[in-house]
Each structure stands twice: as structure tokens, then as C-alpha cells.
Amino acid sequence: MARCLAVFALAAAAVPGSHAVVLQAPPGKMKYSITIPARPVCAPKGGTCPGDMNMLRCAMRPHSSDVHAEMKVMEMPSSGGVNSGLGPSYAPNVRYLLFDADDTSGFTGVKCTVQSAMSCKRGSVATTKKCGDSRCVPDVRNPFLEYVRMQLGGAVGALGASKGQVKPLAAAVVGIGAGSLPSWLLAAFPRVTVDAVDIDASVVSLAADCFGLPKEDNRLQTHIEDGLHFMQGEGRSYDMVMLDVVPLPKSFRAMVSAAHDRMLSGGILAVNGWKPDKEFQGLQKDAMKTFSRVWLAEDQHGGNQILLAVKGSGAQLRDSMPTVKELQAMGAPEDAAAWSSDFAWTKLV
């Protein structure tokens, strides 16, 4: 019986959601067939994310290796009341990118996770409907999630520590999500150019349509490609490399050496990871062997950690992160300078 169920699961995954899944009887003694009607992909009441949230867009994750096969762009309703069940809590005036999966347990939120979130600009009203019927205008200079502020602030602080100034000209972002990292970099640094890499084209489309990723900005180049393959290829060098792929794929342990080879002297690698993730723990050890200076900090809940690694020597190996005033004097944006000082950075090397 277990074998039959396993075959069914594979068959169901391979058939578009708008059709029924049919298992015909194989040759031999088995005389029955099973027909199970499948729901439309991303039906409003499908999955485990709260049904009383406003769902603006939905897409599948064709390259996902976990159970969260759906991406949903959702907002709280105007009434403000949401039954989040066993899932995360939500705030008003915020647009969320949620990962979800079908689940028959009946427990709301049990497989609904927040991949990213962005605040809506106060006093602004959307003039297009490319992300559905919503008034929200994403505020790319105001990251909602703590780990995003920690990663951006940490990268700015480490760049100031290594170069004595915060004027990045080239950055690479691996793992686009809602586009929080590349969008902020482009808005904060007028001269920077950004290569943003993600394996899923649907991710890039949602980031552009729903979260303000400025695809029309000629300083931004998006690449639909495996992030490690991109970094191991031929190309320009970077002042900043930002890695935001969680949980970290096993193959991405090689990202440490690949990023090091593509970074300029004094350049910064900033990696978001989960504290209990063994691959992220291994990446930390690899970074300590490869880079001259490595810092680590974690969020207030002890879940996300940000690793910062500096490629350099001599004067570029400052022991401590710059203060807010020092960073501002180096040309850092005021918000990033403050974010850098919000967290306790531990020197690992």
C-alpha cells in the first residue's frame, strides 16, 4: 500500500492542477482505478495561509525542493481581522510574499511561511492593477523584516570598516524573493549597478509587479539562473555580494569560494541563514578559512543570523564595526548606519 501511495504522490505532482489526477490499474491482479479531482492551482481557499487574507497574486515554485510549492502575494483585509491559526502573525499596511502548501489537516497556517514582506507607503495609492486590486505602493526604502535590515545594515557597516567609505559601485544579489535587497540598494546608492539572480522567473515577475523591483532601471540586470552557477561563471567583480537563499542548499557551500573570486579587494559577502541550519553552519566555517575577517549577528528571536565576510588585509581588517557617526561620515545612508548599530556583531576571525 505504501508503494501505491508514493506512486500517486509523484503522479499528482506532475499533472497541472486544473485537471483531475487519474491512476489506472496496472496489469496483473489489481482491478481498480482511482480518480481524485484536483483543485485549481492557487485557489483562494487552497493551501493553509489564512483564507480571510486578500490574495493578490499566486504562482507555483517549479524549482522548489520542499513542500511549499506555492507563492502567494497577500495583504490583511481592510477589516483587519485575520485568523492566522498556527502560522505567522500579520500587520496592516504590509504586503506579504508567502510560501504555502496543500494540507488536509485542517489547521490554518500550519504550512504557511513568510518569505518576505514590504511596508506600504503611507499616503500613497497605487495607480495600476498589475498586482491585483490593492491600494498599496511598496516602500522599498523601508524594509519590514528585521533580518533584511540586519543584512543591509551589516553589509554597509562592513564595507565602511574595510574601505573607509560606503560608495559601492557593483553588487550581486543571489535570491531575489520580493526584491527587498536589490530594490533598497538601487534606491540608496545612485551610482550602484546590481546583478540580481534567481532560479525562478515567477519570483522575478512577482517582485517587479507587486513589490517595486525596478526592472525598468538600467542599473539593474536580472538573471534567471542558478545562483551558484552564476557566481562561478565569468563576469565582473563586486563590492558587495548578498546571499539570501534559506534554507541553504547543500551545493551552496561552494558559494564561499565562488563569491571570494568575484569580489574586489575590500569587498563584502553578506549571507542570511537560519541558526539551526547545518549547511549554514558549515558555510560559516568555510568563510572563516577563506576570508580575512568574519562577523556574525542574529535577530532578537535567535532565528536568523547574518554572516559578514571581508576580502582584504592590513588596514582592511578592522576589529570592530564602525559607529553610526563614523558610517555617516563615510557616506552611509542614515537608515543603514542605524541598522548596523542595532545588532551585536561578533568577530569570528
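The values are calculated or read from the model by the stated rules, or taken from the named source; none is laboratory data. Just so it is clear, the model here is predicted, and its values are computed rather than measured. Glycine also receives a Cβ, built like all others from the backbone with ideal geometry; neighbour counts cover every protein chain displayed. Only protein heavy atoms, including side chains, enter the accessible area calculation; ligands, DNA and RNA are left aside. Shrake-Rupley method; radii C 1.70, N 1.55, O 1.52, S 1.80 Å.
General remarks:
- Residues (under 24 Å from the mean Cα position of the chain (by Cα), closer than 25 Å to T48 by Cα and outside any strand (DSSP E or B)) located in the stretch 114-134: C131, S134
- When the stretch 281-296 is filtered for residues that are part of a loop (DSSP other than H, G, I, E, B) and open to solvent by 20 Å² or more (accessible area, probe 1.4 Å), only S292 remains.
- Evaluating R191 against the criteria (1) open to solvent by less than 10 Å² (accessible area, probe 1.4 Å); (2) more than 26 Å from Q281 (Cα to Cα); (3) touching a Leu at 6+ places or on another chain (Cβ under 7 Å) leaves one unmet condition, (1).
- Every test in (1) of a type in the set (D, E); (2) over 20 Å from Y96 (Cα atoms); (3) outside any strand (DSSP E or B) is passed by D209 save one, and that test is (2).
- In the stretch 321-349, residue surrounded by the most Cβ atoms within 10 Å (Cβ to Cβ) [restricted to those that are among the β-branched types (V, I, T) and farther than 11 Å from G157 by Cα]: V349
- Meets criteria (farther than 26 Å from V294 by Cα, touching a Gly at 6+ places or on another chain (Cβ under 9 Å) and at pLDDT below 95) for K111: yes
- Residues of the stretch 198-233 that are of a type in the set (V, I, T) and touching a Ser or Thr at 6+ places or on another chain (Cβ under 6 Å): V204 alone.
- Given (1) without any contact (Cβ under 8 Å) to a residue 40 or more places away in the chain; (2) part of a loop (DSSP other than H, G, I, E, B), index of the condition V245 fails: (1)
- Test: residue in the stretch 59-67 that is at pLDDT below 90, part of a strand (DSSP E or B), out of contact with any Leu (no Cβ under 9 Å at 6 or more places or on another chain) and surrounded by fewer than 22 Cβ atoms within 10 Å (Cβ to Cβ): yes
- One residue from A158, A172 being among the hydrophobic types (A, V, I, L, M, F, W, C), more than 24 Å from Q300 (Cα to Cα) and crowded, with 23+ Cβ neighbours inside 10 Å: A172
- The set of residues from the stretch 194-222 being in contact with a helix residue (DSSP H, G or I) (Cβ under 9 Å, 6 or more places away or on another chain), more than 13 Å from M71 (Cβ to Cβ) and open to solvent by less than 20 Å² (accessible area, probe 1.4 Å) comprises V194, D195, A196, V197, L213, L220.
- Total residues in the stretch 92-113, condition of a type in the set (F, W, Y), assigned to a loop (DSSP other than H, G, I, E, B) and closer than 17 Å to N54 by Cα: 0
- Lone unmet requirement of (1) under 30 Å from E75 (Cβ atoms); (2) in contact (Cβ under 8 Å) with a residue 24 or more places away in the chain for K215: (2)
- Scanning the stretch 132-159 for residues that are within 20 Å of H260 (Cβ to Cβ) and of a type in the set (G, A, S) yields G154, A155, G157, A158.
- Every pair of residues 6+ apart whose Cβ atoms lie under 6 Å, when the first sits in the stretch 325-346 and is free of Cβ contacts under 8 Å to residues at least 24 places away in the same chain while the second is assigned to a helix (DSSP H, G or I) and of a type outside the set (F, W, Y): Q328/A337
- Only residues that are within 27 Å of P247 (Cβ to Cβ) and either of a type in the set (G, A, S) or open to solvent by less than 40 Å² (accessible area, probe 1.4 Å) (or both) were counted in the stretch 308-320, giving 3.
- Failed criterion for Q300 (all others in (1) assigned to a loop (DSSP other than H, G, I, E, B); (2) modelled with pLDDT of 95 or more; (3) polar (S, T, N, Q) hold): (2)
- Flag if Q305 is modelled with pLDDT of 95 or more, within 27 Å of the chain's Cα centre (by Cα) and within 24 Å of P247 (Cα to Cα): yes
- Every residue from the stretch 137-159 that is more than 14 Å from the chain's Cα centre (by Cα) and either in a loop (DSSP other than H, G, I, E, B) or within 17 Å of G266 (Cα to Cα) (or both): V137, G153, G154, A155, V156, G157, A158, L159
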